[in-house]
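Below is one structure, written out as structure tokens; the observations come after it.
The values are calculated or read from the model by the stated rules, or taken from the named source; none is laboratory data. These numbers were taken from a predicted model, which means no experiment stands behind them. Cβ placement follows ideal geometry from the backbone for every residue including glycine, while neighbour counts extend to all protein chains displayed.
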Amino acid sequence: MTTKYGARNQIQATVGAIKTGDVMSQVKLEAIGTVELSSVMTTDSLKDLDLKPGDKVSVIVKAIHVLVVKE
């Protein structure tokens with residue numbers, strides 16, 4: 001059975017190191033293969049950044065949730 005999610009940015013990964021605490025734990029993930037992400041921004045931001053296909057950029061992820069799914 002294939003599970004579908006509404007989130008576009010899905011990255012396949014392998015679990016690396018795990019650091020366990022009393023309340024929270026940190027799971028380090030290693031991306032598998034080619035990773036492709038998408039971003040939505042205002043047209044003003046697009047113009048300000050002067051983005052063109054082929055430009056090299058940094059990607060900063062600012063998210064409330066990064067969910068790990070094991071099927």
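Among the residues of segment 30-49 satisfying the criterion of being surrounded by 10 or more Cβ atoms within 10 Å (Cβ to Cβ) and hydrophobic (A, V, I, L, M, F, W, C), which is nearest to Ala7 (Cα to Cα)?
Step by step, filter segment 30-49, then rank; the result is Leu37.
Residue-wise test of (1) touching a Gly at 6+ places or on another chain (Cβ under 7 Å); (2) within 18 Å of Leu67 (Cβ to Cβ).
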site: Ile11; (1), (2): no, yes
site: Val15; (1), (2): no, yes
site: Leu29; (1), (2): yes, yes
site: Val40; (1), (2): no, no
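Mind listing whichever residues of segment 38-55 are charged (D, E, K, R) and part of a loop (DSSP other than H, G, I, E, B)? Give the steps one after another, and end with the answer.
Just the residues of segment 38-55 that are charged (D, E, K, R), to begin with: 44, 47-48, 50, 52, 55.
Result: Asp50, Lys52, Asp55.
Hey, can you tell me all the residues within segment 1-17 that are β-branched (Val, Ile, Thr) and modelled with pLDDT under 80?
Thr2, Thr3
Cβ contacts < 9 Å: first residue free of Cβ contacts under 8 Å to residues at least 40 places away in the same chain and within 22 Å of Leu29 (Cα to Cα), restricted to segment 50-71; second residue hydroxyl-bearing (Ser, Thr, Tyr) and surrounded by 10 or more Cβ atoms within 10 Å (Cβ to Cβ), any location; separation 6+ or different chain. Result?
Close Cβ pairs satisfying both conditions: Val59/Ser39.
Which residue is surrounded by the most Cβ atoms within 10 Å (Cβ to Cβ), if the candidates are limited to segment 51-71 and must be of a type in the set (Lys, Arg) and modelled with pLDDT of 90 or more?
In this case the residue turns out to be Lys52.
Within segment 31-48, is even one residue of a type in the set (A, V, I, L, M) and at pLDDT 95 or above? So that I can check it myself, show each step before the final result.
Going residue by residue through segment 31-48, those that are of a type in the set (A, V, I, L, M) are 31-32, 35, 37, 40-41, 46.
Next, only the ones that are at pLDDT 95 or above stay: 46.
The answer is yes; a qualifying residue exists.
Out of (1) touching a residue at least 40 places away in the same chain (Cβ under 8 Å); (2) among the aliphatic types (A, V, I, L, M); (3) part of a loop (DSSP other than H, G, I, E, B), the odd one out for Val35 is which?
Going through the list (1) touching a residue at least 40 places away in the same chain (Cβ under 8 Å); (2) among the aliphatic types (A, V, I, L, M); (3) part of a loop (DSSP other than H, G, I, E, B), Val35 breaks only (1).
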